[in-house]
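Pasting a structure here, questions to come.
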Amino acid sequence: MKTSENTILITGGGSGIGRELARRFNELGNVVIVAGRRKETLEETIAGRRDMHAMVVDVEDPEAIADFAEHVVAEHPGLNVLINNAGIMRREALSRTRDLRDAERTITTNLLGPIRLTNALTDHLVGQSDAAIMNVSSGLAFVPLSATPTYNATKAAIHSYTVSLREQLKGKVEVIELAPPAVQTELTPGQSTREGYMPLADFIEETMALFRQQPTPREILVKRVDFLRWAERDGHFDQAVEMLNAY
């Protein structure tokens with residue numbers, strides 16, 4: 001993936017990893033469109049910066065996604081990179097019958113949203129030079145945290161979907177996966193100051209260094225996530241499950 005002279009669309013660009021990726025890619029000489037539900041947070045991301053744009057989209061609404069894709073291509077015909085970053089994480093108790101609305105919303109946002117937006121933009125991206133799609137999964141796609149079962153499952157599904165997408169778009173669109181470890185963001189309440197989580201600035205710095213590698217790795221993996229990503233391959237999956245859930 002080129003690191004400059006792209007037009008990049010990033011969902012979930014109003015905070016956390018999405019916001020910082022958007023700013024760093026913009027600083028490298030890219031036009032960046034940040035998308036999300038809340039106009040005010042998107043405006044904070046782009047404030048005072050050139051070649052950054054904010055567009056509102058509800059990734060839970062399939063009709064809204066289709067309309068958004070049409071508008072973003074019309075306004076930014078040079079769009080050649082899609083970063084599916086928007087996501088939510090909810091704690092769930094599985095030991096009793098419960099309201100499934102959190103689980104259903106997590107599936108809609110984390111899995112159906114990226115699938116729908118990718119589908120809506122595929123024909124456009126296939127026709128672009130240096131096109132790329134990056135899906136953001138998680139270390140929890142490979143070793144689950146029992147308190148967030150549906151989140152883990154959606155990220156495991158995004159990993160699998162990304163592998164299939166890469167094979168089908170081979171030679172047409174570069175497909176990359178970014179799998180973060182636990183990072184200090186507001187993905188869950190209080191997480192931005194939680195001890196033991198990777199500082200956001202450190203995560204972004206190491207991530208951007210990986211993007212500078214040529215060729216770009218198919219999976220962007222900071223060293224902190226290796227223990228989870230390769231747990232099964234390296235024969236310590238059960239240990240990783242125990243350690244993660246004890247912590």
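Exactly one condition in (1) within 22 Å of residue 15 (Cα to Cα); (2) acidic (Asp, Glu); (3) in a loop (DSSP other than H, G, I, E, B) is false for residue 130; which is it?
Here residue 130 clears every test but (1).
In region 10-58, how many are in a loop (DSSP other than H, G, I, E, B) and not acidic (Asp, Glu)?
Count: 14.
Next question. Restricting the first residue to region 62-75 and requiring it to be at negative phi, which pairs with a second residue that is among the β-branched types (Val, Ile, Thr) meet a Cβ separation below 7 Å and a spacing of at least six or different chains?
Pairs found: 64/57; 65/57; 65/59; 68/57; 72/33.
Going by what's in this entry, would residue 195 be described as outside any helix (DSSP H, G or I), surrounded by fewer than 16 Cβ atoms within 10 Å (Cβ to Cβ), at pLDDT below 95 and under 15 Å from the mean Cα position of the chain (by Cα)?
So residue 195 does not fit the description; no.
Condition first: part of a loop (DSSP other than H, G, I, E, B), more than 30 Å from residue 173 (Cβ to Cβ) and of a type outside the set (Ser, Thr, Tyr). Now tell me which residues in region 59-106 satisfy that.
90, 91, 92, 93, 94, 96, 98, 99, 100
Given the conditions (1) in contact with a Pro (Cβ under 7 Å, 6 or more places away or on another chain); (2) surrounded by 23 or more Cβ atoms within 10 Å (Cβ to Cβ), report the number of the one that residue 82 does not fulfil.
(1)
Moving on. Considering each of 244, 210 in turn, give the residue that is closer than 20 Å to residue 141 by Cβ and within 21 Å of the chain's Cα centre (by Cα).
210
Within region 150-177, how many residues turn out to be closer than 19 Å to residue 132 by Cβ, crowded, with 18+ Cβ neighbours inside 10 Å and aliphatic (A, V, I, L, M)?
Qualifying residue count for the region: 6.
Output the number of the condition that residue 45 fails; it satisfies all remaining conditions of (1) touching a helix residue (DSSP H, G or I) at 6+ places or on another chain (Cβ under 7 Å); (2) surrounded by fewer than 22 Cβ atoms within 10 Å (Cβ to Cβ); (3) at pLDDT 95 or above.
(2)
Of the conditions (1) over 22 Å from residue 182 (Cα atoms); (2) hydrophobic (A, V, I, L, M, F, W, C); (3) free of Cβ contacts under 8 Å to residues at least 60 places away in the same chain; (4) buried (at least 24 other Cβ atoms within 10 Å of the Cβ), residue 22 fails just one. Which one is it?
The one condition residue 22 does not meet is (1).
The values are calculated or read from the model by the stated rules, or taken from the named source; none is laboratory data. Since this is a predicted model, take the numbers as computed values, not measurements. In this analysis, Cβ positions are derived from the backbone assuming ideal geometry, glycine residues included, and neighbour counts consider all displayed protein chains.
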